[in-house]
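Data block below; observations after.
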Amino acid sequence: MAAPHRRANSKASSLLQGQGARRHRGNARRLPRNAGRARWLRIAAAALCTLVGSGLVVVLGPWLRIRSVVVLGGTPSERAMASRRLSVALVNRHPWSISSTRVSRLISQSTMLRGEVELSAVVTHWPSAVVVELQAVPLVGAIQGGFVLTQLGEVVARSPSSATPTALRALRVCAAPVQSTNGSCAWHPRPGAWVSAPLVRVVAALTRDVRGSGSPSIGIYEAQGAGIVLRFASSAECELGLATQARAQVRACLGFATAGAVLDVINPNSPAVLLNDRVG
């Protein structure tokens, strides 16, 4: 009876040994495969680190830097002045740090360039040059004190090179709201000051429509409750409101105002006389 049990145990042992051998061979095949995968991952990570590091060296290194600034437009002196200022601020900077906003701000911060020229275009020629083009600041008219207004309403000093309209040499502007145009104005122009858009529109309209240095003295006021008011040396006044149709309103005022009268030209197609016996 003992022999059959020994044979059964022998068979079971052989079966277990075979299964163990197969598992060992499977593990042996998986180990080299996992080792190879890990090696490739290490190689890929090293390559990626090398690529990123090389890119940072190129990007942050001395190769991609602005080395020259070329200025076009304006007068020779304006180009030279802008070139010096921009070169100090932009040379050795990274090209992507150059923007039209930054260049425009640098130009406007120069007391010698502000009001004379403004930025027209800026082009970066990779990897090391910037080309800046300037254009003359559009001026709308001359005001008291030898100053002029730009189209944006900034007060700038008048220079001999400026193409400044000179028709209204006696034009007076008061950008501080007043109770009455009979009193003196507390506002005095200075470079860098700003006036409202309605005032700029009226200055531009008067500059276009009144010719000759001998034109009568005209004051432009921001009067409380009446908006923009024109006052002449003859004491005639014209109320323009918000001056939304500045040129038509100015023409109506110049055509219908009489000495001592107060005229409403908010609607330039039908001027209305508010007072016709006022003497300033």
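A few notes on this one:
- Charge tally in the Cβ shell below 12 Å around residue 226, where Lys, Arg are +1 and Asp, Glu are -1, residue 226 excluded: -3
- Net charge in the neighbourhood of residue 106 (other residues with Cβ under 15 Å of its Cβ; Lys, Arg +1, Asp, Glu -1) is +3.
- Note on residue 258 and residue 101: with the Förster distance fixed at 51 Å, the Cβ-Cβ geometry gives a FRET efficiency of about 0.50.
- Radius 14 Å from Cβ of residue 268, net charge of other residues (Lys, Arg +1; Asp, Glu -1): 0
- Couplings for segment 68-76, taken from phi via the Karplus curve 6.51 cos²θ - 1.76 cosθ + 1.60 with θ = phi - 60°, read 8, 10, 10, 10, 10, x, x, 7, x Hz in order; Gly and Pro are left as x.
None of the figures in this text is laboratory data; all of them are computed from the coordinates on show. Computed from a predicted model, the values in this text were never measured in an experiment. Neighbour counts run over all protein chains shown; Cβ positions are idealised from the backbone, glycine included.
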